[in-house]
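See below for the structure under consideration.
The values are calculated or read from the model by the stated rules, or taken from the named source; none is laboratory data. Predicted, not measured: the structure shown is a model, and the values here were computed from it. Cβ coordinates were reconstructed from backbone atoms using ideal geometry, including for glycine residues, and neighbour counts include every protein chain displayed.
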Number of protein chains: 2
Amino acid sequence: MDEIRRIRLFTDKKLILGGKAELSEKASHYLCNVMRCNAGEKIRCFNETDGEFLCRIEVSDKKKTIVRIEELLRLREKDNDIWLLFAPLKKDQTDFVIAKAVELGVSKIIPIITERTNSERVKVERFAAQAVEAAEQCGRLSVPEVVSPVKLIEFLGAWNPERLLFFADERRRGKEAADAFRQSAGNPAAILVGPEGGFSDEEAARLDKCLFVKNINLGPRILRAETAAVASLSVWQASAGDWRNYGERT
Amino acid sequence: MDEIRRIRLFTDKKLILGGKAELSEKASHYLCNVMRCNAGEKIRCFNETDGEFLCRIEVSDKKKTIVRIEELLRLREKDNDIWLLFAPLKKDQTDFVIAKAVELGVSKIIPIITERTNSERVKVERFAAQAVEAAEQCGRLSVPEVVSPVKLIEFLGAWNPERLLFFADERRRGKEAADAFRQSAGNPAAILVGPEGGFSDEEAARLDKCLFVKNINLGPRILRAETAAVASLSVWQASAGDWRNYGERT
C-alpha cells in the first residue's frame with residue numbers, strides 16, 4: 001500500500017473532499033496498464049487550485065478511472081512568479097530544460113522563436129506533457145503553463161515592464177546574477193536563454209533597448225544553453241525565490 | 001580559418017611559446033579524421049599549468065600530430081576549490097552531471113560508492129574523457145581530476161576537516177544554501193549528492209556525526225540527484241565562487 005500511495009497524478013478536474021473525480025484516459029492507462037492498480041487502492045491526486053488529496057480508486061479500467069477524494073494532504077500554495085523564455089534546443093536538451101525548470105519552480109514556460117531557432121523543435125504539446133510528468137515527480141501542486149511559441153521581438157513589444165527579464169548575455173558582462181536577483185526579490189521576473197547560435201544583431205539591439213531587460217552574468221566559463229537555464233533558475237530561487245526563508249538561517 | 005581556430009584541445013604535454021608539442025593519438029584522430037585538418041592550419045591547445053596557445057599544425061596524420069606553439073592566448077588561472085562527490089546515476093544522467101560540473105567550474109569529481117549505488121555505473125575512464133571534452137568546449141584551462149571511486153564512509157574517515165562538505169539532505173531542513181555558501185567563501189568546499197535511493201541509515205548517521213558536514217536546503221520541491229548537483233554548484237559559484245566579482249556590482 002505504501003508503494004501505491006506514492007503514485008501522484010495531476011488532474012485538471014475539480015477536487016472536493018468527500019466527492020469523486022474522473023481522471024483522464026492517459027491517467028487510466030497509466031494506472032491500469034503500467035501500475036496495475038485495482039479498485040480500492042489509494043493514490044494521490046492534485047491540482048493547483050484545490051491542493052493534494054489522498055484518493056481511493058473506485059472504478060479502474062483502461063479508459064476510465066473514478067476516484068473518491070478521501071483526505072486533504074496539502075492546501076494550495078502560493079507559487080513563484082518566475083517565467084522561463086527559451087529557444088528550443090535539440091530534443092534531449094529541451095526535455096531536460098523543461099523537466100528541470102519544473103523542479104526549479106518556474107510558473108510559465110515560453111518557447112521563443114528567434115531568427116536562429118530551429119522551429120521544427122517546437123512541440124508544445126509534448127512540452128506540456130513533460131511539464132505535467134515533472135510536476136508529478138517533484139511534488140509540486142502546480143503545473144507551469146507551457147504557452148504556444150512566440151516570436152521574441154513581437155513578445156518584447158507586448159511585455160509588461162513591471163516584470164524584469166533577466167538575460168545572461170555572453171557578449172558582455174552583466175550584473176552579478178545573485179545580486180541582480182536579490183534586488184528584485186518579491187517582484188515578478190523572467191529569465192531569457194538564447195538559442196545555440198546566439199541572437200541576431202537585430203534581436204540583440206532590440207533587447208538592449210528594453211529597459212525591463214537586465215543583463216546578468218554567469219561567470220567566466222561558456223555555459224551551454226541548457227546549463228545557463230538551470231543555473232540561472234537555481235540562483236534565482238536561492239536569491240529571490242522560495243528557497244529563501246525555507247532553509248534555516250544563521 | 002576562423003572556423004578552424006575554434007578547435008580547442010586539451011593536452012597533458014608541456015606547452016612552451018616557440019616550442020613544439022606532440023598531441024595524443026585521440027587528438028590526432030579527431031583533427032585528421034573528424035575535422036579534416038591539414039598541416040599549416042591553426043588550432044588552440046591548452047593545459048592547466050601553461051595556459052592556452054594558438055598553435056600551427058606541422059605534422060598531421062591519423063596517429064600523430066605535432067604543433068608549433070606560436071602565440072600565448074591566456075595565462076594559467078587560479079581555479080575554484082570546489083569538489084563534487086556524487087553517486088553515479090544512470091548513464092545519461094551521469095554524463096550530464098559530469099559535463100555540467102565541468103562547466104560550473106568544479107576542481108575535482110569524486111564518484112562515491114554507497115550502499116545503494118549501482119557500482120556497475122562507475123566508469124572512471126569514460127568520466128575522465130567526458131571531463132576533457134566539456135573543458136574543451138566551455139573554455140576552461142583546467143580539466144577537473146576524476147578520481148577512482150571511493151566508499152563514502154572510508155572517504156569521510158580521511159577527510160581534511162578544513163574543507164566543508166555541503167550536503168543537500170532531503171530528510172531535514174538544512175541552512176539556506178546561498179547563506180551557507182557565502183559564509184564559507186574563500187575556503188575549500190565540496191558538495192555531496194546522494195544516490196537515487198538515498199543514503200542508508202548507517203551512512204546518514206555517519207554524515208550526521210561529521211562536524212565538517214553542513215546540511216543545506218534546496219527548497220520545497222523534490223530535486224532529482226542530477227538537478228541537485230547542478231543547482232547547488234550554480235548557487236555555490238554565485239555565492240562563493242568565481243561568478244562573484246566577475247559580473248558588475250551595483
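Worth a mention:
- With respect to (1) more than 30 Å from A:ARG173 (Cβ to Cβ); (2) at the interface with chain A (Cβ under 8 Å from one of its Cβ atoms), the lone exception for B:SER200 is condition (2).
- Checking the stated criteria, A:ALA180 turns out to be at the interface with another protein chain (Cβ under 10 Å from one of its Cβ atoms), in contact with a strand residue (DSSP E or B) (Cβ under 6 Å, 6 or more places away or on another chain) and crowded, with 22+ Cβ neighbours inside 10 Å.
- The range B:111-162: number of residues that are among the aliphatic types (A, V, I, L, M) and out of contact with any Pro (no Cβ under 8 Å at 6 or more places or on another chain): 10
One line per residue, one yes/no per condition, for (1) within 14 Å of chain B (Cβ to nearest Cβ); (2) touching a Gly at 6+ places or on another chain (Cβ under 6 Å):
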{"residue": "A:GLY186", "(1), (2)": "no, no"}
{"residue": "A:ALA189", "(1), (2)": "no, no"}
{"residue": "A:GLY194", "(1), (2)": "no, no"}
{"residue": "A:ARG206", "(1), (2)": "no, no"}
{"residue": "A:CYS210", "(1), (2)": "no, no"}
{"residue": "A:ASN215", "(1), (2)": "yes, yes"}
{"residue": "A:ARG221", "(1), (2)": "yes, yes"}
{"residue": "A:ALA225", "(1), (2)": "yes, no"}
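- Note on the range A:231-246: among residues that are surrounded by 22 or more Cβ atoms within 10 Å (Cβ to Cβ) and assigned to a loop (DSSP other than H, G, I, E, B), the one that is farthest from the other protein chains (Cβ to nearest Cβ) is A:GLY241.
- Scanning the range A:187-212 for residues that are within 23 Å of the chain's Cα centre (by Cα) and crowded, with 20+ Cβ neighbours inside 10 Å yields A:ALA189, A:ALA190, A:ILE191, A:LEU192, A:VAL193, A:GLY194, A:PRO195.
- A:ILE43 passes every criterion in (1) surrounded by 14 or more Cβ atoms within 10 Å (Cβ to Cβ); (2) aliphatic (A, V, I, L, M); (3) free of Cβ contacts under 8 Å to residues at least 12 places away in the same chain apart from (3).
- Taken across the range B:148-160, residues that are touching a Lys or Arg at 6+ places or on another chain (Cβ under 9 Å) and within 14 Å of chain A (Cβ to nearest Cβ) do not occur at all.
- Entry remark, the range B:87-110: residues being of a type outside the set (Val, Ile, Thr) and more than 12 Å from the chain's Cα centre (by Cα) number 7 in total.
- Strands (runs of 3 or more DSSP E) wholly inside the range A:60-135 containing at least 2 residues that are of a type in the set (D, E, K, R), touching a Lys or Arg at 6+ places or on another chain (Cβ under 6 Å) and away from every other protein chain (no Cβ under 14 Å): A:65-74
- Criterion: over 15 Å from A:ARG140 (Cβ atoms) and surrounded by 15 or more Cβ atoms within 10 Å (Cβ to Cβ) - qualifying residue of A:ASP95, A:ASP61: A:ASP95
- Residue selected from the range A:66-87 under the condition at pLDDT 95 or above and in contact with a helix residue (DSSP H, G or I) (Cβ under 8 Å, 6 or more places away or on another chain), by the criterion surrounded by the fewest Cβ atoms within 10 Å (Cβ to Cβ): A:LEU85
- Residues that are among the polar types (S, T, N, Q) and farther than 22 Å from B:GLY219 by Cα, drawn from the range A:88-130: A:GLN93, A:THR94, A:THR114, A:THR117, A:ASN118, A:SER119
- The residue pairs whose first member lies in the range B:138-159 and is crowded, with 19+ Cβ neighbours inside 10 Å, whose second member is of a type in the set (Gly, Ala, Ser) and at pLDDT 90 or above, and whose beta carbons are closer than 6 Å, counting only pairs six or more residues apart or on different chains, are B:VAL143/B:ALA131; B:VAL143/B:ALA135; B:PRO144/B:SER107; B:PRO144/B:ALA131; B:VAL146/B:ALA128; B:VAL146/B:ALA131.
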